[in-house]
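The values are calculated or read from the model by the stated rules, or taken from the named source; none is laboratory data. As the structure is a prediction and not an experimental result, all values here were calculated from the model. Every residue, glycine among them, receives a Cβ derived from its backbone with ideal geometry; neighbour counts consider all protein chains shown. When the accessible area is computed, the model is the full protein with side chains, heavy atoms only, and any ligands, DNA or RNA have been set aside. Shrake-Rupley method; radii C 1.70, N 1.55, O 1.52, S 1.80 Å.
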Amino acid sequence: MRSEMTKMFGKKYFINPETLRVERVRLSRGQQIRYYLFIGLGMIALAVLLRYGFERYYPTPRQMLYEQENTQLRSEYLALNNNLQMVESQLSTMRSRDDDFYRSILSLEPVPSSIREAGTGGSETYTQFKNIREPGLVRNVSQRIDKISNRVQIQSSSLESVYEEAVSNQFFLASRPSINPISPADPFWMTSSYGYRKDPFNGRRTAHHGIDLAGPYGLNIHASGGGTVISAHISRFGYGKEVTVDHGFGYVSRYAHLQEILVEKGQKLKRGEVIGTLGSTGRSTGPHLHYEVRKNGHYVNPMYFFYENLSPQEYTLLAAKAASPAGPFQSFALSQK
Ligand SMILES: [Zn+2]
């Protein structure tokens, strides 16, 4: 008589016609097992859900600690990033001082950018950070540290070669054409740099083997390094009144378009000594000095050799010492040739 069967609270009941009482339907063993299994799994699922839901809104003390640590690590990373920035800019200063000053004085070629900036592995090297919540930050710091250590290594080996070169080249240093032939205390400006340019006379693209420094007529022109005058005459090639100085070690400098020549062939010179005055003789469109440097017969950019940091005072002092009979560079100048 299961026709009057009814359901209450998910359980099956029926009215027993004999006793007229509501009785529960007895389940088979298999049905019971399935029933309890179902209840059990449901409870486990509920427990898991509750746990995650709870943790989401009510983190455990341990989670809170992790969270705190995370925040701290993050701010430490940011601080580290800032420090790295400082180190990087210091390295950049060292690098430019190295290339533009130390290496140039010693006629060492600047270290090529390709070597200086040589990377240490691509981004795949840093894939170990991909599981971190902010992999960018950590990867960035790691990459920068790698780059910095690379740069430090290159810098230190560069300085090592600079040191060796400096020790073995003290005489050479005194004679190299390494100062601007016009004092920074005087008014002048560069009108043409080394390299290719449009020729001021015919407009054609031609190589300019030196630099042009314009200024007022009569400005003192100084020897850029110690040496011997090998020619002081009027050029047959349009350079006007020109002086050529042999500095030894394969270096020769030329000062052209002078208004006046104040030295003679064979004369020993000290760095900074006045050799003539600025003019516009020869193939020239206005008062300027054409200054060029050759090394072993090849033209080189004279700018590579300038001491960029010589102040007007230092330059004046140097020129004054050079003009005095017992200047500090005399022994050097005399020691060559
Ligand atoms: Zn020129």
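Things worth noting here:
- Qualifying residue in region 32-55 (condition: exposed (fewer than 10 other Cβ atoms within 10 Å of the Cβ), among the basic types (Lys, Arg) and farther than 30 Å from residue 14 by Cα): no
- Residue 207 vs. criteria within 14 Å of the ligand (Cβ to nearest atom) and either open to solvent by 30 Å² or more (accessible area, probe 1.4 Å) or of a type in the set (Lys, Arg) (or both): yes
- In region 87-106, the residue that is farthest from residue 271 (Cα to Cα) out of those that are of a type in the set (A, V, I, L, M, F, W, C) and surrounded by 19 or more Cβ atoms within 10 Å (Cβ to Cβ) is 106.
- The one condition from (1) open to solvent by 40 Å² or more (accessible area, probe 1.4 Å); (2) under 22 Å from residue 315 (Cα atoms); (3) modelled with pLDDT of 85 or more that residue 170 does not meet is (3).
- Restricting region 263-292 to residues that are of a type in the set (Asp, Glu) and under 38 Å from the mean Cα position of the chain (by Cα), the residue that is farthest from residue 223 (Cα to Cα): 292
- Among the residues making up region 270-290, those that are away from the ligand (no atom under 16 Å from the Cβ), assigned to a strand (DSSP E or B) and touching a Phe, Trp or Tyr at 6+ places or on another chain (Cβ under 9 Å) are 275, 277.
- Those residues of region 291-309 which are in a strand (DSSP E or B), in contact with a strand residue (DSSP E or B) (Cβ under 9 Å, 6 or more places away or on another chain) and open to solvent by 20 Å² or more (accessible area, probe 1.4 Å), in sequence order: 294, 295, 299, 300
- In region 165-204, the residues that are in a strand (DSSP E or B), within 13 Å of the ligand (Cβ to nearest atom) and out of contact with any Asp or Glu (no Cβ under 9 Å at 6 or more places or on another chain): 195, 196, 197, 198
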